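The values are calculated or read from the model by the stated rules, or taken from the named source; none is laboratory data. Only a predicted model underlies this, so the values are computations on that prediction, with no experimental measurement involved. Here the Cβ is made from the backbone with ideal geometry for all residues, glycine too, and neighbour counts use every protein chain on show. The area values use the complete protein model at the heavy-atom level, side chains included, leaving out ligands, DNA and RNA. Shrake-Rupley method; radii C 1.70, N 1.55, O 1.52, S 1.80 Å.
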Amino acid sequence: MEKFDAIVVGAGPAGATAAYLLAKAGMQVIVIERGETPGSKNVSGALLFSQVYSEIFPKFWESAPLERAIVGHAITFLGEQTSVNLDYRDLDEGHVPHNAYSVLRARFDPWMAQQAEDAGAMLMPGFTVDKLLQENGRVVGIEAGGDALMADVVVVAEGTRSGLLKEAGLRTDEYHASDVSIGVKDVIALPEDVITNRFQCLNADEGVAYTCVGHTGGVEGGGFLYTNKDTLSVGVVAKIDAVYKSKLQPHAILNEFKAHPFISRLIAGGEIVEYSAQAIHRGGVHLIGQLYGDGYVVVGSAARLLLNNVMTLRGMDVAVASAAAAAKAILAAREMGDYSHTALAGYEQNFKATNVYKDMVTFKDTYPLLENERLFHVYPELAGAVLGDMFTVGAKPSKKGLKALRDDMRGKVSLWQMLMDMNQIGKGLVR
Amino acid sequence: MSARTLTLDDLLGLDRYEIDEEQSHIQVDQSRCQRCQLQPCLTVCPAAVYVVTEGEVTARYENCLECGTCQIACDSGGAGGITWRPPRGGFGIAFRYG
């Protein structure tokens, strides 16, 4: 029977990072990926934040298949026929890497897997891992396509859909529909120069990212629009329980978002080339799943490691950080010749020392915001109405801002409620 | 205006699948579905894989985008009738952009 030092289940960012670091340190590593190529099963928005990547893959931006550097981030509130856009741009052209890059996973993930292969890891695509093999309560290998493979340690990096641990009886914590969102996305083709001009970019290397609130069928969630080289990634992310209560199908919510005049003008003339979907755990420090046990570690979104602070939704860099923390613990375990849960506990300590974890703690109070339905269907409309009052010279006498606000709030939200919400937003994002 | 609104079938027609003709990766336990009030699967699936035909919930598994939403919605808001496992290696959705 084949025996490896480490088996990695899944060749996404988490799995590829773990495989890369373990192989680089001289371990015999095999990565098993169920897609026929890495990335062919994987969907993200997708924005890749550079910091963590650059720590593991120095100068990744020189060789990785990136779409555009994100030089602008916008938060957009969509009312019925209004938009209020807060548009931040970093116009310093000189510095690399940029804060973030847009990527398409089917193109980007093969590059990550290649880094692992170049470091000596073996990649086995096109095989679904059917189960974890255990002996005396310890994970000792996997079974895929009827074959058993053994290893000192198994890295579970199979993403949000992770079911191996549950089936092996090693995980009892269930997902709750209120903690998970459904993301649906259209990839829309447009000529490169049209995108560059339409989004006021200098050239085809620059791009922007919009995070939108409102106009998602009244369902708690948000929309996004990211520029790629010659495509746009346009999608919505909505809580699963809110979706089934609304009786609105996800693609209908996406269509409503795309039909908003602010969005429809940005995607005008484009042609949809792919439709995709992904369940996304909302993450958060209080919802981190089990990270390790006897003979195994869990990394990336399989361990529910994500960070959502409304402004940004981070999955890939969080996955990389967790995989690096796990790899470090595995290498220490190898020194001791012990892969028990006690030996692998270093993973949790390593992860808690990362900035990613610290960010998760910093934004722990952001999560109640994602539950606040007024954020999704009262305030976006209100923002447009108040600014509309202030800019419009109409038949009625003009009002100052506060008077306009009080008038526009009437029947929608009380002053008291709004102060409470402001406090919640302040606690979540500001102070 | 752009990106004329495509039907869901049009959208799914854009995607590339390697369909497993021999077996479905989704199992539906009708006895549980019969006593499911909410039937969240009929709403949440982005590919409308789940449909009611002749009073039974059936899974058009060949359209599955493998997002994992149905299992979570079913376990949490439904009656637990859905068992979703990844398709056999090499089968199912194959994203070209992702």
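Observations
- Single residue of region A:124-144 satisfying the filter (open to solvent by 40 Å² or more (accessible area, probe 1.4 Å) and in contact with an Asp or Glu (Cβ under 8 Å, 6 or more places away or on another chain)) that is modelled with the lowest pLDDT: A:Gly137
- The C-beta contact set for region A:35-60 (first residue within 13 Å of chain B (Cβ to nearest Cβ) and crowded, with 24+ Cβ neighbours inside 10 Å, second residue polar (S, T, N, Q) and in a loop (DSSP other than H, G, I, E, B), distance under 8 angstrom, 6+ apart or interchain) comprises A:Gly35/A:Asn42.
- When residues of region A:252-278 are limited to those that are assigned to a helix (DSSP H, G or I) and open to solvent by 30 Å² or more (accessible area, probe 1.4 Å), the one nearest to the other protein chains (Cβ to nearest Cβ): A:Asn255
- Selection within region A:373-424 - assigned to a loop (DSSP other than H, G, I, E, B) and in contact (Cβ under 8 Å) with a residue 60 or more places away in the chain: A:Glu373
- A:Glu117 being farther than 23 Å from B:Arg16 by Cβ and out of contact with any helix residue (DSSP H, G or I) (no Cβ under 9 Å at 6 or more places or on another chain): no
- Entry remark, region A:213-234: residues being in a strand (DSSP E or B), touching a Pro at 6+ places or on another chain (Cβ under 9 Å) and at pLDDT 95 or above number 0 in total.
- Unmet criterion (only one of (1) in contact with a strand residue (DSSP E or B) (Cβ under 8 Å, 6 or more places away or on another chain); (2) closer than 30 Å to A:Gly388 by Cα; (3) open to solvent by 10 Å² or more (accessible area, probe 1.4 Å)) for A:Thr82: (1)
- Residue, farthest from the chain's Cα centre (by Cα), within region A:235-251, restricted to residues that are part of a helix (DSSP H, G or I) and crowded, with 18+ Cβ neighbours inside 10 Å: A:Ser246
- Of all the listed residues (A:Val378, A:Val386, A:Val430), the sole one being open to solvent by less than 90 Å² (accessible area, probe 1.4 Å), among the aliphatic types (A, V, I, L, M) and within 28 Å of A:His281 (Cα to Cα) is A:Val378.
- Candidates B:Glu54, B:Glu22 - the one that is more than 7 Å from chain A (Cβ to nearest Cβ) and under 26 Å from A:Thr128 (Cβ atoms): B:Glu22
- Residue match in region A:97-119 (condition: under 28 Å from A:Leu248 (Cβ atoms), within 14 Å of chain B (Cβ to nearest Cβ), among the hydrophobic types (A, V, I, L, M, F, W, C) and assigned to a strand (DSSP E or B)): no
- Failed item in (1) within 30 Å of A:Asn423 (Cα to Cα); (2) outside the structural domain of A:Val413 (by TED's automatic domain parsing); (3) touching a helix residue (DSSP H, G or I) at 6+ places or on another chain (Cβ under 8 Å); (4) open to solvent by 20 Å² or more (accessible area, probe 1.4 Å), with A:Leu331 passing the rest: (1)
- Considering region B:66-98, the residues that are open to solvent by less than 20 Å² (accessible area, probe 1.4 Å) and β-branched (Val, Ile, Thr) include one that is farthest from the other protein chains (Cβ to nearest Cβ), namely B:Ile82.
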